[in-house]
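Some notes on the structure that comes next.
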């Protein structure tokens with residue numbers, strides 16, 4: 001499978017983790033201030049709306065197009081039926097992954113919205129991107145591992161093996177592609193962190 005397809009699935013993962021396009025403007029917690037008073041919980045967005053949203057579109061169509069171009073998996077062919085299977089597969093992975101992530105958050109409440117740093121040197125902000133991806137906040141504002149992230153990545157790939165060609169229906173395939181999606185997940189937050197800077201530079205020019 002092309003690496004670009006994994007990135008697109010990971011982008012959908014990060015979008016589903018946010019659950020809303022509204023930015024989180026509360027201050028970032030520090031090691032000496034684990035529970036900031038200004039914490040505000042994310043607004044609720046129904047599952048139905050997310051299933052038929054831009055999140056679903058980003059997580060489904062571009063990846064299906066790339067899979068079609070690269071004829072992956074080749075058992076599905078490059079005709080219309082093959083493309084329909086790829087779109088259905090990508091959409092099902094998005095929907096299942098979102099439901100799995102919601103289930104994890106119901107048991108272990110997590111606020112996975114990314115909070116941009118916007119200040120300091122590149123390496124400091126890059127570390128913030130990685131940390132902001134794998135660490136979430138609880139309802140009291142304190143920090144906690146974002147367990148919904150690996151649940152989404154591995155769970156969506158595990159379910160996808162049920163309709164994938166036989167050669168991918170094994171634990172090794174789940175681990176390989178789930179890990180790939182997990183590894184590139186910070187890229188979406190990287191864009192959120194640095195794109196405003198790039199946009200500002202382009203605007204000045």
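Below, the figures for the structure above:
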quantity: Failed item, numbered, when residue 114 is tested on (1) within 13 Å of the chain's Cα centre (by Cα); (2) in a helix (DSSP H, G or I); calculated: (2)
quantity: Qualifying residue in the range 25-45 (condition: under 22 Å from the mean Cα position of the chain (by Cα), modelled with pLDDT of 75 or more and either assigned to a loop (DSSP other than H, G, I, E, B) or surrounded by 12 or more Cβ atoms within 10 Å (Cβ to Cβ) (or both)); calculated: yes
quantity: The lone exception for residue 141 - which of (1) modelled with pLDDT of 90 or more; (2) within 18 Å of residue 110 (Cβ to Cβ); (3) out of contact with any helix residue (DSSP H, G or I) (no Cβ under 9 Å at 6 or more places or on another chain) it fails; calculated: (1)
quantity: Within the range 133-181, tally of residues that are crowded, with 21+ Cβ neighbours inside 10 Å, in contact with a strand residue (DSSP E or B) (Cβ under 6 Å, 6 or more places away or on another chain) and touching a residue at least 60 places away in the same chain (Cβ under 8 Å); calculated: 2
quantity: Odd one out for residue 65 among (1) without any contact (Cβ under 8 Å) to a residue 40 or more places away in the chain; (2) part of a loop (DSSP other than H, G, I, E, B); (3) within 23 Å of the chain's Cα centre (by Cα); calculated: (2)
quantity: Members of the range 179-205 that are in contact with a helix residue (DSSP H, G or I) (Cβ under 6 Å, 6 or more places away or on another chain) and either more than 27 Å from residue 124 (Cα to Cα) or in a loop (DSSP other than H, G, I, E, B) (or both); calculated: 185
quantity: Matching residues in the range 100-112 - criterion: being more than 23 Å from residue 159 (Cα to Cα) and surrounded by fewer than 19 Cβ atoms within 10 Å (Cβ to Cβ); calculated: 109
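The values are calculated or read from the model by the stated rules, or taken from the named source; none is laboratory data. What you see is a predicted model, and the numbers here were worked out from it, not measured in a lab. Every residue, glycine among them, receives a Cβ derived from its backbone with ideal geometry; neighbour counts consider all protein chains shown.
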